[in-house]
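Asker: Got a structure for you, written out below as C-alpha cells; questions coming shortly.
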Amino acid sequence: MAVLYWTVMPVTRSRVDWLLESVALAALLTALALTGYYWARIPDPRVVRLLPAKTTLWIVTLIDTVTYLGLTLGARGKGLIDIPPELERRSPQLRQMLFSMLIVMKAVLSVFAVYLVWALINVGLRRGAGLSGWFLTAFTLAVPLPLIYYTVKLRRYPG
C-alpha cells in the first residue's frame, strides 16, 4: 500500500523551473486581466441561457486561479503526491523530480486556461466560434506528455 508522504526539506528550483513558474504566473495574471478588461464589453444575453458567456468566463478564471494556487501550495505540503513504498521517500532527487513535475503541469494548465478565457471572450463578443481545431489536439498532447515523461523517469529511479 502506498503511503502519502512529503517532507519539509526545501527543494531547489532549476532555471527551467523558474522559467515555467514565471510562465504560469504570467498566464494566470493574463487570464485575470483579460477577464477584468472584457467583462463590461461582453453583452448580456437577451434570452436566458444555462450559462451565459460572462458566467462561464468567471468560472473558467476561478478554476484557473484555484488550480494555480492549489498546485503552488500543494507542491510544498503533505499528501499531494502519492509515493510508492518501493521508492526511497527521503531522496532529494525524487522530491526534486516530483516538484518539477508539478511546476510543468501548472504551467501547461495555466497557458491553456488563458487560451480558454480568450476563446470565451471572443464567443461573448460574437467575434469567433470558440475553440479552434488545434486546441483539442494541443491540449490532448500537452497534459499527458509531461506525465508520461515523469512516469518513465520515475520507473528508472532506483528504489
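The values are calculated or read from the model by the stated rules, or taken from the named source; none is laboratory data. All of these numbers come straight from a predicted model, not from anything done at the bench. Heads up, the Cβs are rebuilt from the backbone with ideal geometry, glycines too, and the neighbour counts pull from every protein chain shown.
Let's see how each residue does on (1) at pLDDT below 90; (2) of a type in the set (A, V, I, L, M, F, W, C); (3) more than 30 Å from Pro92 (Cβ to Cβ); (4) surrounded by 13 or more Cβ atoms within 10 Å (Cβ to Cβ):
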| position | (1), (2), (3), (4) |
| --- | --- |
| Val11 | yes, yes, no, yes |
| Leu28 | no, yes, no, yes |
| Leu34 | no, yes, yes, yes |
| Leu57 | yes, yes, yes, yes |
| Thr67 | no, no, no, yes |
| Leu73 | yes, yes, no, no |
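Asker: Checking Ala40 against (1) at pLDDT 90 or above; (2) out of contact with any helix residue (DSSP H, G or I) (no Cβ under 8 Å at 6 or more places or on another chain), only one condition comes out false. Which one?
Answerer: Looking at each condition in turn, Ala40 falls short on (1).
Asker: Quick check on my filter: what residues within region 120-140 are surrounded by 10 or more Cβ atoms within 10 Å (Cβ to Cβ) and in a helix (DSSP H, G or I)?
Answerer: Step one: filter region 120-140 for residues surrounded by 10 or more Cβ atoms within 10 Å (Cβ to Cβ), giving 120-126, 128, 130-132, 135-140.
Hits for region 120-140 are Leu120, Ile121, Asn122, Val123, Gly124, Phe135, Leu136, Thr137, Ala138, Phe139, Thr140.
Asker: Going through region 127-156 one residue at a time, which ones are touching a residue at least 12 places away in the same chain (Cβ under 8 Å) and of a type in the set (D, E, K, R)?
Answerer: Lys153
Asker: Sticking with this structure for a sec: Within the group Val104, Val123, Val108, Val114, which residue is modelled with pLDDT of 85 or more and closer than 23 Å to Thr55 by Cβ?
Answerer: Numbers: Val104 fails: closer than 23 Å to Thr55 by Cβ; Val123 fails: modelled with pLDDT of 85 or more; Val108 fails: closer than 23 Å to Thr55 by Cβ.
Just a single option satisfies the conditions, and that option is Val114.
Asker: Given the conditions (1) among the hydrophobic types (A, V, I, L, M, F, W, C); (2) within 20 Å of Asp17 (Cα to Cα); (3) in contact with a helix residue (DSSP H, G or I) (Cβ under 9 Å, 6 or more places away or on another chain), and given that Val123 satisfies all but one, which numbered condition is not satisfied?
Answerer: (2)
Asker: Another question about this same structure. Arg90 - would you say it is of a type outside the set (Ser, Thr, Tyr), exposed (fewer than 14 other Cβ atoms within 10 Å of the Cβ) and either at pLDDT 75 or above or in contact with a strand residue (DSSP E or B) (Cβ under 7 Å, 6 or more places away or on another chain) (or both)? Explain how you work it out, then say what you get.
Answerer: On the way: of a type outside the set (Ser, Thr, Tyr): yes; exposed (fewer than 14 other Cβ atoms within 10 Å of the Cβ): yes; either at pLDDT 75 or above or in contact with a strand residue (DSSP E or B) (Cβ under 7 Å, 6 or more places away or on another chain) (or both): no.
So Arg90 fails the test.
Asker: Right, something else. Under 8 Å between Cβ atoms, at least 6 apart or on separate chains: pull out the pairs that start in region 51-77 with a residue that is within 19 Å of Ala33 (Cβ to Cβ) and end on any residue that is of a type in the set (Asp, Glu).
Answerer: What qualifies is Lys54/Asp44.
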